[in-house]
Every structure is written in C-alpha cells, then in structure tokens.
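Heads up: the structure comes next, in structure tokens.
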Amino acid sequence: MSEQAVIFLIEDEVQIRRFVRTALESEGHRVLESGTLAQSMAQVREKKPQLAILDLGLPDGDGISFIRELRTQSEMPVLVLSARSAEGEKIRALDAGADDYLTKPFSIGELLARIRALLRRNKSNDTEMETLIRFGTVEVDLVRRQVTRNNRIVHITPIEYRLLCTMLADTGKVMTYRHLLRAVWGNAHIESNHYLRIYMSHLRQKLEDDAAQPKHFLTETGVGYRFQP
C-alpha cells in the first residue's frame, strides 16, 4: 500500500467521483470532494491536501482559473482529469501550473501510478534535494556531476546533463516542450522543438535499456515529456 495522503477531488460527475474515490481509498488515501470551484479554494486553505485531482469543465467555471489562483499560494501537485483531449488544452493547463494531465476515459491503474509519482515528487521537494539519484541501472551523482550505468561512467554532454537534471527535478510531472526548452536552452529557443527531440533521443540511447521503448523518459504526445523512475 502507498503512503497515505489527503487528496482533493474536484469533479462534478458523481459517478466518476465515486469511482475515483473508491480507488483512492483502496490505496489508503483520505479523499475530500467538491463538485464546483466556488468552495474549492477555501477547502484547500482549510484542509491543506497533499494533491488535487481536477476536472476542467466545472459548472461554475474553468479549472484553469483555479490552477492559476492556486499557484499564487501553493505548490501542491495538481493532476488534471478531463475529457478535453486537444493538445492545446493540455498545454494550456500545464503552462498554467498543472503537474500532470490524464484524459477521460482513463485507466484507474494509470491514474494511481501518476498519483504515486506526484506524491513522491512532492515529498522529495519537502526535504533536502537528494545528491544521488538512482533509476534502473543508472546512478546520477549531482555533486560530482557524474552519471554511471551498470557501474560504468556514461559520457554526458553539458546540454544532455542540463536536460537530465531538469527532468529529474520534476519526477512524475509532465513538462511541456516550452518549459524544457526554456530551462535548458533559454528563451531564445522556446520554439525549437527539434533540439529537444534530438537530445531526448541521446539520453534514451545512453540511459534506457531499450531506447525504442523507454521506461523512464516518456513522451506525452504533442505536449512534452515526463520522467518516471
């Protein structure tokens, strides 16, 4: 069973709310519920949940406005659960401050896995940053700026290393192309998606067991990438 957390579920469809609540409670989490935005921010301030699951199309407003307001006062992870599947909608939510985006219909197994990843990330952000990060057979030493795989040093270029560290810093979070380009190359290259594809391919070739079927550096089609340890 995963570590217990207080999770705030903001969803107006009663059947979906009941379905998700049951799954979360089976993992040992405590669930708060709301079907509207009107009282949601007040509940966030009062109850201080560890994570929010948010539908965008609520009867009294757009969930994007909730994300933007939340980000002025909290870094609590937000997982958007929405029927809006257009790439533009996903990018809009992620750029507003959402941490992940899952479209309806969805797999409950994938939902729970993404929640676990976001809770792990949030827990690590509440403590001192790890200086030694491991995933698969890879070990990243942030102090020595050294990467090994199967106990052998892997040659990583400075740009590859910046991209790797950016991904590791937000484990489980979907990062848009624009966010990654700005973090690694700067504002002058935020439209240069081909740079990102090339260097992500390099990381996969060097650090994945099978670059064609990556397990750690995952593509979120049309949106960006996500690191999964």
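Here are the numbers:
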item	result
Some residue of the stretch 100-107 being within 20 Å of Thr176 (Cα to Cα), in contact with a Gly (Cβ under 8 Å, 6 or more places away or on another chain), in the same structural domain as Gln15 (by TED's automatic domain parsing) and not in a helix (DSSP H, G or I)	yes
Count of the stretch 70-86 residues which are touching a strand residue (DSSP E or B) at 6+ places or on another chain (Cβ under 6 Å), surrounded by 13 or more Cβ atoms within 10 Å (Cβ to Cβ) and under 18 Å from Lys104 (Cβ atoms)	4
Residues located in the stretch 16-46, provided they are more than 19 Å from Asp60 (Cα to Cα) and out of contact with any strand residue (DSSP E or B) (no Cβ under 7 Å at 6 or more places or on another chain)	Arg18, Phe19, Thr22, Ala23, Ser26, Glu27, Gly28, Arg45, Glu46
Output for the stretch 14-49, where each listed residue is at pLDDT below 90 and in a loop (DSSP other than H, G, I, E, B)	Gly35, Thr36, Leu37, Ala38, Gln39, Lys48
Residue pairs meeting the criteria (Cβ under 8 Å; at least 6 apart or on separate chains; first assigned by TED's automatic domain parsing to the domain that holds Asp12, in the stretch 58-74; second among the polar types (S, T, N, Q) and part of a helix (DSSP H, G or I))	Phe66/Ser40
Criterion: of a type in the set (Val, Ile, Thr), surrounded by 14 or more Cβ atoms within 10 Å (Cβ to Cβ), over 17 Å from Gln4 (Cα atoms) and out of contact with any helix residue (DSSP H, G or I) (no Cβ under 7 Å at 6 or more places or on another chain) - qualifying residue of Ile91, Ile67	Ile91
Filter result for Asp55 (touching an Asp or Glu at 6+ places or on another chain (Cβ under 6 Å) and crowded, with 17+ Cβ neighbours inside 10 Å)	yes
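The values are calculated or read from the model by the stated rules, or taken from the named source; none is laboratory data. Because the structure is a prediction, the values reported are computed rather than measured. Reconstructed Cβ throughout: ideal geometry from the backbone, glycine too, with neighbour counts over all protein chains shown.
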